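Report on the following structure.
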């Protein structure tokens, strides 16, 4: 499901593009105290990050594209409706929905994750189900953590939490590599997959 125009990927580029919009949002918010200015910065950098990934890597991976689209949607709604909480709710809504989709796939014996990542991974069905369960739990843990932080902390603390959450998501994806390597059907060590919820 990835649209590809062949070009060798740059290993460090994707993590940088993932975290850059959140860092800009945090920097603007801490320096100005203005949530709307920070949201405009986030909106601009999210679009630039997706365009840069397309130009440099010459591919549109579904997870980063989806994350960027959601960031643009919720940021736009927050700016138009003058409701900062809409942007803060993005992680809860998106991660909660993704976790529900994966758990639903486990219950119905369908595999939405394989449709997204099957081009990069060759795994037995049992391994796919284990991976789905892990990611579903991760999504719901992120959604719950976001709800706690946004209801109990300041906007500045929440912004720092979001940067930390992206780093944790990247680390979570990397932590799956030993499991993926052990269960790979082609015997090759897989490349790190796009992390779950890797954008703002």
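Only one entry in 155, 100, 143 is out of contact with any helix residue (DSSP H, G or I) (no Cβ under 6 Å at 6 or more places or on another chain), surrounded by 14 or more Cβ atoms within 10 Å (Cβ to Cβ), modelled with pLDDT of 85 or more and closer than 30 Å to residue 84 by Cα, namely 100.
For residue 182, are the conditions met, namely being modelled with pLDDT of 85 or more, more than 18 Å from the chain's Cα centre (by Cα) and at positive phi? Spelling it out, it is not the case that residue 182 is modelled with pLDDT of 85 or more, more than 18 Å from the chain's Cα centre (by Cα) and at positive phi.
Just so you know, in segment 27-46 the residues that are touching a residue at least 60 places away in the same chain (Cβ under 8 Å) and under 19 Å from residue 73 (Cα atoms) include one that is surrounded by the fewest Cβ atoms within 10 Å (Cβ to Cβ), and it is 35.
Looking across segment 47-80, the residues that are surrounded by 22 or more Cβ atoms within 10 Å (Cβ to Cβ) and modelled with pLDDT of 80 or more come down to 71, 74, 75, 78. Residue count for segment 21-43 under the criterion of being part of a helix (DSSP H, G or I), more than 18 Å from residue 167 (Cβ to Cβ) and more than 17 Å from the chain's Cα centre (by Cα): the result is 10.
The requirement of being more than 21 Å from residue 45 (Cβ to Cβ), surrounded by 13 or more Cβ atoms within 10 Å (Cβ to Cβ) and more than 20 Å from the chain's Cα centre (by Cα) is not satisfied by residue 116. Test residue 185 against the criterion of being surrounded by fewer than 17 Cβ atoms within 10 Å (Cβ to Cβ), in contact (Cβ under 8 Å) with a residue 24 or more places away in the chain and out of contact with any strand residue (DSSP E or B) (no Cβ under 9 Å at 6 or more places or on another chain), and give yes or no. Spelling it out, residue 185 is indeed surrounded by fewer than 17 Cβ atoms within 10 Å (Cβ to Cβ), in contact (Cβ under 8 Å) with a residue 24 or more places away in the chain and out of contact with any strand residue (DSSP E or B) (no Cβ under 9 Å at 6 or more places or on another chain).
The values are calculated or read from the model by the stated rules, or taken from the named source; none is laboratory data. For clarity, every value in this text was computed on a predicted model and none was experimentally measured. Cβ sites come from the backbone with ideal geometry, for glycine too, and all protein chains shown count toward neighbours.
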